[in-house]
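The values are calculated or read from the model by the stated rules, or taken from the named source; none is laboratory data. Small disclaimer: the values here were computed from a predicted structure and weren't measured. Every residue, glycine among them, receives a Cβ derived from its backbone with ideal geometry; neighbour counts consider all protein chains shown. Accessible surface areas use protein heavy atoms only, side chains included; no ligands, DNA or RNA. Shrake-Rupley method; radii C 1.70, N 1.55, O 1.52, S 1.80 Å.
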Amino acid sequence: MASSSSPQRLLHLLSLILLLFAFCSIAESSQFCDAGIGYGESTCGVSSSSSTKLLIKGGTVVNAHEMEVADVYVEDGIIVAVRPNIKVGDDVTVLDATGKFVMPGGIDPHTHLGFEFMGSETIDDFFSGQAAALAGGTTMHIDFVIPVNGSLLSGLEAYEKKSKKSCMDYGFHMAITKWDEVVSKEMEIMVNEKGINSFKFFMAYKGSLMINDELLLQGFKKCKSLGALAMVHAENGDAADEGQRRMIALGITGPEGHALSRPPVLEGEATARAIQLAGFMNTPLYVVHVMSIDAMEEISKARKSGQKVIGEPVVSGLVLNDSWLWDPDFITAAKYVMSPPIRAAAHGKALQAALSMGTLQLVGTDHCPFNSTQKALGIDDFRKIPNGVNGIEERMHLVWDTMVESGQISVTDYVRVTSTECARIFNIYPRKGAIRAGSDADIIILNPNSSFEISAKSHHSRSDTNVFEGWRGKGKVEVTISGGRVVWLNDELKVFPGSGKYVEMRPFSYLFNGIGKADAKYLSSLKAPVKRFRATT
């Protein structure tokens with residue numbers, strides 16, 4: 001009896017093995033969605049448009065300096081043609097964009113996905129954060145690599161692992177947290193071999209990420225020699241630390257203490273200092289998350305004098321105000337804690353005006369969300385609240401609603417501040433940031449007559465809160481195309497881990513044009529060294 005059942009058992013076991021193999025193959029080829037993200041069944045295991053050919057028909061194509069009614073033909077992830085009345089065959093997927101704007105996908109220059117900070121890790125990783133971005137019309141972002149024990153190579157290795165689940169294109173900035181010859185050599189490797197052309201220096205967060213002026217000068221000098229862009233988080237970390245002590249001594253332990261401990265003057269002072277040191281070294285400077293009139297005015301003054309300084313406001317600083325930090329509900333107040341802090345309404349209005357006049361050049365998010373449980377780590381001490389807010393999904397809609405609908409900027413300016421200028425600054429234009437033949441097919445279709453509403457219940461971030469909760473506005477991204485694939489359509493998101501690509505960014509962007517001439521002019525102005533005769537006795 002045993003002998004007669006053995007072949008049956010063997011056959012049954014073989015069938016199970018074949019079934020398991022088939023399941024694994026399907027799962028691998030389909031690149032199933034992260035089951036924990038909560039997007040619903042429609043987003044998992046369903047391929048996006050199977051066609052490698054797309055025609056976007058009848059829309060108004062908008063670039064940073066021009067707009068025209070034209071068709072856009074895409075093949076194998078690349079824009080092939082932009083002109084009226086393109087004729088195609090039956091094998092091409094056609095999207096009707098009549099009455100709508102066809103624009104380059106947004107590029108977010110400032111994000112923190114999978115970022116370990118203040119005892120927590122941001123709730124969005126490289127899959128959930130990017131999925132949220134695509135639902136909001138952003139098709140590329142640049143994230144900040146944090147060194148591991150000061151090592152740039154170890155930091156990059158860690159972030160390369162984090163980014164394996166990416167579902168859209170991304171690049172990297174690199175933070176510098178200490179200085180020695182090893183770091184100097186690793187900066188060369190980052191630029192020459194790894195496609196990183198920007199380095200960030202934290203002037204805040206004393207005791208963790210903060211660096212001093214000596215390191216800042218050495219870093220600026222190295223950036224200049226490599227053709228890499230120096231970036232600063234501009235707050236006076238020593239003064240902010242003293243401000244925190246002052247608030248605690250006064251018994252102010254809630255979220256409002258965060259803003260009170262680091263007022264606008266500390267941002268203005270650090271911005272001025274960074275600008276002056278960059279001017280001393282004659283290297284371009286990028287000031288991240290400009291949140292105050294104080295910092296903006298320093299940037300304006302430097303630019304008027306001819307210095308190459310880029311100012312980046314973030315969407316939370318543009319459209320929110322600090323009143324929520326005084327909300328009696330801790331969870332509500334804590335979700336707005338970020339650095340530099342969200343300011344009084346007058347600052348946001350001034351930043352909007354500066355953006356419209358070109359004093360500030362592009363809009364980021366500083367997307368760095370922590371959920372309510374993580375924020376509650378600081379329920380008795382605001383110094384322990386993880387700093388960061390959301391924005392990667394909301395940026396494109398809020399900038400349109402706040403800046404275009406109000407008449408502060410044009411439709412072409414909208415493309416410039418949300419996409420093209422970022423591509424130019426980080427030297428990936430016109431591959432990114434343009435609707436033109438040869439560019440990557442990262443495209444959005446925006447309906448100016450459609451409306452949107454923001455809510456934590458419907459957003460695609462893993463966070464259980466949203467700092468823009470309840471915002472209603474006009475101008476909705478109805479279609480997102482990433483690398484030639486339709487990933488957002490009819491309010492349905494179809495994204496797959498591992499489908500994103502790392503974008504290398506070359507050094508010596510347009511910001512370095514003329515630097516050599518300026519150095520030569522400076523040297524000739526010295527009229528030194530002077531030849532002197534030694535006195536004889």
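General observations
- First in segment 474-492 and more than 11 Å from Met168 (Cα to Cα), second anywhere and basic (Lys, Arg) and at pLDDT 95 or above, Cβ under 8 Å, 6 or more apart: Glu478/Lys100; Val486/Lys494; Trp488/Lys494
- Filtered by the rule that a residue be in contact with a Leu (Cβ under 6 Å, 6 or more places away or on another chain) and under 17 Å from Ser208 (Cα atoms), segment 218-239 gives Glu235, Asn236, Ala239.
- Enumeration of residues in segment 267-282 that are open to solvent by less than 10 Å² (accessible area, probe 1.4 Å) and either among the small types (Gly, Ala, Ser) or without any contact (Cβ under 8 Å) to a residue 24 or more places away in the chain (or both): Gly268, Ala270, Ala274, Ala278
- Residue match in segment 247-266 (condition: under 26 Å from the mean Cα position of the chain (by Cα) and open to solvent by 50 Å² or more (accessible area, probe 1.4 Å)): yes
- Any hit, segment 82-93, residues being basic (Lys, Arg), within 28 Å of Phe220 (Cβ to Cβ), open to solvent by 10 Å² or more (accessible area, probe 1.4 Å) and not in a loop (DSSP other than H, G, I, E, B): no
- Restricting attention to segment 221-237, the residues that are in contact (Cβ under 8 Å) with a residue 40 or more places away in the chain and surrounded by fewer than 23 Cβ atoms within 10 Å (Cβ to Cβ) total 4.
- Any hit, segment 510-531, residues being open to solvent by 80 Å² or more (accessible area, probe 1.4 Å) and touching a Phe, Trp or Tyr at 6+ places or on another chain (Cβ under 9 Å): no
- If you go through segment 133-172 and keep only what is of a type in the set (A, V, I, L, M, F, W, C), closer than 15 Å to Asp108 by Cβ and not in a strand (DSSP E or B), you end up with Ala133, Leu134, Ala135, Cys167, Met168.
- From the list Gly470, Gly438, the lone residue that is more than 16 Å from Ala81 (Cα to Cα) and open to solvent by 30 Å² or more (accessible area, probe 1.4 Å) is Gly470.
- Put simply, of Ser356, Ser372, Ser419 the only residue that is among the polar types (S, T, N, Q), at pLDDT 95 or above and open to solvent by less than 10 Å² (accessible area, probe 1.4 Å) is Ser419.
- Annotation: Ser128 fulfils all but one of (1) open to solvent by 30 Å² or more (accessible area, probe 1.4 Å); (2) closer than 25 Å to Leu398 by Cα; (3) among the polar types (S, T, N, Q); the unmet one is (1).
- Pairs, first closer than 18 Å to Ser166 by Cα in segment 498-510, second open to solvent by 30 Å² or more (accessible area, probe 1.4 Å) and not in a loop (DSSP other than H, G, I, E, B), C-beta under 7 Å, six or more apart: Gly498/Lys164; Gly498/Lys165
- Residue-level check: of (1) in contact with a helix residue (DSSP H, G or I) (Cβ under 6 Å, 6 or more places away or on another chain); (2) in contact (Cβ under 8 Å) with a residue 60 or more places away in the chain, Val411 misses just (1).
- The conditions of being touching a residue at least 60 places away in the same chain (Cβ under 8 Å), open to solvent by less than 50 Å² (accessible area, probe 1.4 Å) and closer than 24 Å to Cys422 by Cβ are met by Ser316.
- Taken together, the criteria place Lys194 among residues that are open to solvent by 10 Å² or more (accessible area, probe 1.4 Å) and touching a strand residue (DSSP E or B) at 6+ places or on another chain (Cβ under 9 Å).
- Positions within segment 345-401 being in contact with a Gly (Cβ under 6 Å, 6 or more places away or on another chain) and within 17 Å of Gly257 (Cα to Cα), in sequence order: Phe382, Lys384, Ile385
- Residues satisfying the stated conditions in segment 283-299, i.e. more than 16 Å from Met231 (Cβ to Cβ) and surrounded by 18 or more Cβ atoms within 10 Å (Cβ to Cβ): Ser292, Ile293, Asp294, Met296
- On the stretch given as segment 475-498, residues that are farther than 17 Å from Ser451 by Cβ and open to solvent by less than 20 Å² (accessible area, probe 1.4 Å) total 9.
- From Val148, Val74, residue being open to solvent by 20 Å² or more (accessible area, probe 1.4 Å) and of a type in the set (A, V, I, L, M): Val148
- Residue, farthest from the chain's Cα centre (by Cα), within segment 94-119, restricted to residues that are within 30 Å of Lys384 (Cα to Cα) and surrounded by 24 or more Cβ atoms within 10 Å (Cβ to Cβ): Phe115
- Residue within segment 358-369 that is farther than 20 Å from Met291 by Cβ and within 22 Å of the chain's Cα centre (by Cα) present: no
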